[in-house]
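Since every read-out is calculated from the coordinates, none of them should be taken as a lab result. Please read these numbers as outputs of a predicted model, since none were measured by experiment. Virtual Cβ from ideal backbone geometry, glycine too; neighbours counted across all protein chains shown.
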Amino acid sequence: MVNFKCIRFVFSNFFGLDNSEGVFEDPKGNIHKNLRLLTLFNYIFTYGPIFVADIYIFFAIGWGHQVLVLAIETFILQILIIYLT
C-alpha cells in the first residue's frame, strides 16, 4: 500500500476529490523537500541495482543473446522513467 509514489497522492487532488487534497501551510518546506528525498531514495534503491545489473550484463554477455537485448531495453526504459519523474 505504501510506496515511494504514494506520497504524491496526498497533495495531488487526485481526480478532483476533496478527500485526496492535502492542505499545507508551507508546502515547499513540509512536503516538497520530503518528496524530493523519497524520489532520491527511489532512484538509489530501485533503479540503482537494475543499472548495476545492466552494466554487468553489457560487459559479461556477448552480442546476440536475448539477455543483452533485455538489458539494453531496461537501461533505456529506466532513463526514460527517471526523466519523466
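On the principal axes of its Cα set, how long, how wide and how thick is the range 25-84? Give whole Å, largest value first.
56, 17, 11
Quick check: net charge around I79, other residues with Cβ under 13 Å of its Cβ, Lys/Arg +1 and Asp/Glu -1?
With Lys, Arg at +1 and Asp, Glu at -1, the net is -2.
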